[in-house]
Structure formats: structure tokens, C-alpha cells
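Student: What follows is a single structure, and I will ask about it in a moment.
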Amino acid sequence: VPYADRAREKDGVKAMMRIIREHHPAPFAPPFLKMGEHVIAQTAAILHFLGPRLGLVPEDEPSRILALQLQLTIADLGTEVHDTHHPLGSHLYYEDQRTEALARSGGFVRERIPKFLGYFERMLGDRGHLVGDAASYVDLSMFQVLKGLEYAFPKAMTRMAPKIPGLTALAARVAKRPRIAAYLASERRIALNEDDLFRAYPELDIDPEA
Ligand SMILES: N[C@@H](CCC(=O)N[C@@H](CS)C(=O)NCC(=O)O)C(=O)O
């Protein structure tokens with residue numbers, strides 16, 4: 001699917017800020033999709049819009065609602081990941097909330113990772129896909145979340161691995177899909193890094209069983 005990652009092009013941030021300032025209705029924050037004059041923000045809403053257009057969600061309404069439900073739960077997990085390094089708020093630097101980040105990360109690796117991933121493993125069951133019987137955007141998001149968690153919390157994820165065999169196998173299948181593999185090998189793929197949601201801060205990589 002042809003698209004431009006406009007924010008990463010020359011003057012992209014300026015163009016993005018202009019849309020946030022001037023477009024109506026405006027996105028609150030990136031990421032957002034602009035298709036003609038249509039602007040949609042919030043990852044879950046973007047995927048809800050693109051899913052049917054790209055054949056990445058089943059056609060029936062119960063499946064589409066289930067996909068949205070799971071995607072919003074992934075977004076909740078994302079917010080909790082964010083709060084491991086910014087527990088006091090996004091308006092402060094990580095360096096100004098390290099003590100709180102440590103406390104927050106302990107609870108996250110001990111309680112929240114098992115609860116969220118246990119839920120998704122149960123939702124997957126012994127099926128090949130989280131929604132319906134074909135790949136959906138939820139499978140792709142789950143791949144990204146697992147890669148991010150493995151990057152940020154390798155100790156906790158090593159402990160989790162035996163409990164999430166279905167999700168682990170799903171992520172491996174997603175990575176092998178020819179077009180996903182091509183994307184992952186391309187320069188469009190942004191390597192995980194410490195300015196983004198999933199951050200590899202060694203001090204926050206707490207062993208949940210230590
Ligand atoms: N829930 C939103 C999260 C959006 C978000 O957190 N965006 C970040 C950058 S990736 C941001 O710019 N936030 C600005 C702010 O919250 O003030 C989504 O899933 O798209």
C-alpha cells in the first residue's frame with residue numbers, strides 16, 4: 001500500500017504541526033493518517049478505518065468490534081508501558097522521575113505483563129489468529145507489542161515465554177509474512193529506541209522473580 005511517512009520527510013514536523021493547528025477536526029497528537037482531506041488520529045481508530053480497506057479485518061460486525069476491543073486493550077497496555085518510564089507525566093524528563101519509574105516498572109513486570117499477555121494468550125487459544133481465521137491488524141499489533149516488550153523488558157519476557165507459546169508463535173508467523181518481512185528489512189522500519197514508547201533502560205529491566 002503506497003503511503004508517505006510525512007513526518008519523517010523534509011519539513012515533515014512543520015507540516016504535521018500545521019494540521020494539528022489548522023485542520024478541523026484536529027488530531028490531539030500524532031500518529032495520524034491524512035487521506036485527502038480526511039484526518040484520523042488514534043492508532044486504534046486509524047486501524048479501524050484502514051482494516052476493512054486493506055482486508056486486515058473480517059467483514060462481519062462482531063469481528064470488527066472484537067478487533068477494535070483488542071486493539072484498545074493493546075493501547076491500554078501501551079499507556080502502561082509509557083508510564084514505566086514516565087510515571088509522573090510526559091511533561092517531565094525521565095531523569096526527573098527515575099525513582100518513581102523504578103517502582104512503577106516493578107509492578108508492571110510482576111503484575112501487569114502477566115495479566116495483559118495472559119489475557120491475549122487466552123483470547124488466541126489454540127487458533128492461529130486473534131480475530132477470525134485470517135491475519136488481522138490485531139495480529140500485526142501484537143507482533144509489534146511483543147517485540148517492544150522484549151526490547152524494553154527482556155528479563156520479564158524471558159520468564160513469560162513458556163506461558164505465551166501461542167503469542168510467540170503468532171509473532172514469528174507475522175515476521176515471516178513476505179510483505180512484513182520486506183518492511184522489517186527496509187528503512188521504513190524504525191529501530192526500537194529510547195525516544196519512543198518501548199525504551200531499553202537497563203535499570204527498569206527488573207527480573208520479576210528476583
Ligand atoms: N493513544 C494514542 C497515543 C498518541 C501519543 O501518545 N502520541 C505521542 C507521540 S507518539 C504524542 O505526541 N503525545 C503528545 C501529548 O500527549 O501531548 C495512539 O494510540 O495513537
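What follows is calculated from the coordinates using simple rules that are stated; it is not laboratory data. Keep in mind that this is a model prediction, so the values were computed, not measured. Using ideal geometry, Cβ is built from the backbone for each residue, glycine included, and neighbour counts are taken over all protein chains shown.
Student: Structure shown: which of K147/K176; K155/K176; K14/K34 lie over 21 Å apart, alpha-carbon to alpha-carbon?
Tutor: K155/K176
Student: Describe numerically, in nm with one decimal, the distance between label points set 7 Å from Cα along Cα→Cβ at A172 and at S63.
Tutor: Label-label distance for A172 and S63, simple model: 2.6 nm.
Student: Starting from region 115-210, pick out the trypsin sites (Lys or Arg not before Pro) whose DSSP state is loop and whose Cβ has at most 12 other Cβ atoms within 10 Å.
Tutor: R127, R188, R189
Student: Calculate the length of the line joining the C-alpha centroid of region 70-145 to that of region 154-173, in whole Å.
Tutor: 14
Student: A further question on this structure: Two-decimal Rg/Rh of the chain from alpha-carbon positions, Kirkwood Rh?
Tutor: 0.97
Student: While we're here: Under the rule of -39500 (n - 2.57) per DSSP H run of 4 or more residues, summed and divided by the residues of the chain, what mean residue ellipticity at 222 nm is obtained, to the nearest 500 deg cm²/dmol?
Tutor: -17000 deg cm²/dmol
Student: Here's a follow-up. What do you get for chymotrypsin sites (Phe, Trp or Tyr not before Pro) in region 15-86 restricted to DSSP loop and a cutoff of at most 10 other Cβ within 10 Å of the site's Cβ?
Tutor: Here the sparse-neighbourhood loop sites are F28.
Student: Compute the signed sum of charges (Lys and Arg +1, Asp and Glu -1) over the other residues within less than 11 Å, Cβ to Cβ, of K155.
Tutor: Summing Lys/Arg as +1 and Asp/Glu as -1 gives -3.
Student: Also: Normalised by the residues of the chain, what does the relative contact order come to in percent, with Cα pairs under 8 Å and at least six apart?
Tutor: Averaging sequence separation for qualifying contacts and normalising by length gives 18 percent for the chain.
Student: Could you list L117, L50 in order of exposure, starting from the residue whose Cβ has the fewest other Cβ atoms within 10 Å?
Tutor: Listed from fewest to most nearby Cβ atoms, that is L50, L117.
Student: Quick check on the exposure proxy: order M16, M160 from fewest to most C-beta atoms within 10 angstrom.
Tutor: If I rank by nearby Cβ atoms, fewest first, I get M16, M160.
Student: Sticking with this structure for a sec: Tell me the net charge near I40. Cut-off is 13 Å between Cβ atoms, I40 excluded, with +1 for each Lys or Arg and -1 for each Asp or Glu.
Tutor: So the surrounding residues net to +1.
Student: Order these by the 10 Å Cβ neighbour count, fewest first: M35, M142.
Tutor: Listed from fewest to most nearby Cβ atoms, that is M35, M142.
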